[in-house]
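The values are calculated or read from the model by the stated rules, or taken from the named source; none is laboratory data. Bear in mind the structure is a predicted one, so any value in this text is a computation, not a measurement. For neighbour counting, all protein chains shown are included, and Cβ atoms are generated from backbone atoms with ideal geometry for every residue, glycine included.
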Ligand code: KG4
Ligand code: ZN
């Protein structure tokens, strides 16, 4: 570890949150997130509106993050930013801003893969808190609106995706459930809240049969669609009268699917260090279940604080920090990458 304190400015703009954070070594000095409420009325993220909002937010967000950390731009050692995956227009705002800042300040750039940011979140340390970090190798269940993966993390720079969804992401299943029931967007937090008051054993859905550690969520979405259609044919108020039970049952099914493969992966790899990350790791049912299974099976579990579950720049800064230590710097010619091939 370097003896000199390394200060990293992280910038994240891959989807609908504009975020900046400052890390001093692994310690979080500031984190600012401007979430975009403009999308709610459209029932999903509208890419053009997202990039416009990023443009409006990025300067004040970065400025506030620096001020809250008590540092000036001259004191920063590197600018870490999300290079992808994400929405092109959104990524371009962060990418262009980071490059412009790099040119004007002569600070090096570090490019960060958004998913690696989620995976390395457990290494963000906070002042005046107990900071437990996983030992390598560990398994991460990465669950977001775009991804559902089991990743074997061998070290800060070596990630192996051992399981992935063959169709939809689990976050999409949460969002679709809410949409089908007319409950609003984003669906995950709404379903989570209603599920707390419902009976998780009330409704049954078809669970997928997929080999190995891979996932599938398209079938269960269809199963919910047909279930609602059949019940509404008998009682047009079925959703309104049973929404908590439907959400609780659907959420339980999604969690069962996630845990089945995660448990298999821990058994077959022998790895007992388990973390979760990504937007869906904010789900209270999933968090409880991971903690329970961990206790029962002797895992050490790493469940992020809520502020590190959804998109944030602190996770970009921590990934940037390790890349900085390795001397892995980005080029001004690099472009935003909407999708990685693996
Ligand atoms: O990681 P994230 O913020 O953005 C992506 O990279 O996709 O994840 C967003 C996803 C959405 O599908 C949202 O509904 C889901 O995370 N989500 C939740 C909860 N909070 C956010 N899903 C279930 N329960 C929650 N409490
Ligand atoms: Zn994300």
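Quick notes on this structure:
- Selected residue (criterion: farthest from residue 20 (Cα to Cα)) from residues of segment 262-281 that are part of a helix (DSSP H, G or I), within 19 Å of the chain's Cα centre (by Cα) and modelled with pLDDT of 95 or more: 262
- Some residue of segment 216-227 being more than 18 Å from the chain's Cα centre (by Cα), part of a loop (DSSP other than H, G, I, E, B) and over 20 Å from residue 309 (Cβ atoms): yes
- Among the candidates 249, 253, residue that is part of a helix (DSSP H, G or I), farther than 29 Å from residue 133 by Cβ, within 22 Å of the chain's Cα centre (by Cα) and in the same structural domain as residue 207 (by TED's automatic domain parsing): 253
- Residue count, segment 157-185 (criterion: over 25 Å from residue 212 (Cα atoms) and either away from ligand 2 (no atom under 16 Å from the Cβ) or in a strand (DSSP E or B) (or both)): 10
- Positions within segment 114-132 being more than 16 Å from ligand 1 (Cβ to nearest atom) and either in a strand (DSSP E or B) or within 13 Å of residue 308 (Cβ to Cβ) (or both), in sequence order: 123, 125, 126, 129, 131
- Pairs linking a residue in segment 111-127 that is more than 15 Å from ligand 2 (Cβ to nearest atom) to a residue that is part of a helix (DSSP H, G or I), with Cβ atoms under 7 Å and 6 or more positions apart or on different chains, are 123/318.
- For segment 186-208, the set of residues classified as closer than 23 Å to residue 151 by Cβ and either in a loop (DSSP other than H, G, I, E, B) or modelled with pLDDT under 95 (or both) consists of 207, 208, listed by residue number.
- Of the residues examined, residue 171 is one that is within 16 Å of ligand 1 (Cβ to nearest atom) and either on the phi > 0 side of the Ramachandran plot or in contact with a helix residue (DSSP H, G or I) (Cβ under 8 Å, 6 or more places away or on another chain) (or both).
- Filter pass, residue 282 being within 16 Å of ligand 2 (Cβ to nearest atom) and closer than 25 Å to residue 309 by Cα: yes
Per-residue answers, yes or no, for (1) surrounded by fewer than 14 Cβ atoms within 10 Å (Cβ to Cβ); (2) within 30 Å of residue 181 (Cβ to Cβ); (3) at pLDDT 95 or above; (4) in contact with a strand residue (DSSP E or B) (Cβ under 6 Å, 6 or more places away or on another chain):
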site	(1), (2), (3), (4)
6	no, no, yes, no
12	no, no, yes, yes
22	no, no, yes, yes
36	no, yes, no, no
48	yes, yes, no, no
62	no, no, yes, yes
78	no, no, yes, yes
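- The residues listed here are 330, 320; of these, the one that is on the phi < 0 side of the Ramachandran plot and in a helix (DSSP H, G or I) is 320.
- Residue list for segment 294-317, restricted to those being away from ligand 1 (no atom under 16 Å from the Cβ) and either in contact with a helix residue (DSSP H, G or I) (Cβ under 9 Å, 6 or more places away or on another chain) or outside any loop (DSSP other than H, G, I, E, B) (or both): 294, 295, 296, 297, 299, 300, 301, 302, 317
- Counting residues in segment 282-293 that are outside the structural domain of residue 30 (by TED's automatic domain parsing), surrounded by 18 or more Cβ atoms within 10 Å (Cβ to Cβ) and not in a helix (DSSP H, G or I) gives one or more.
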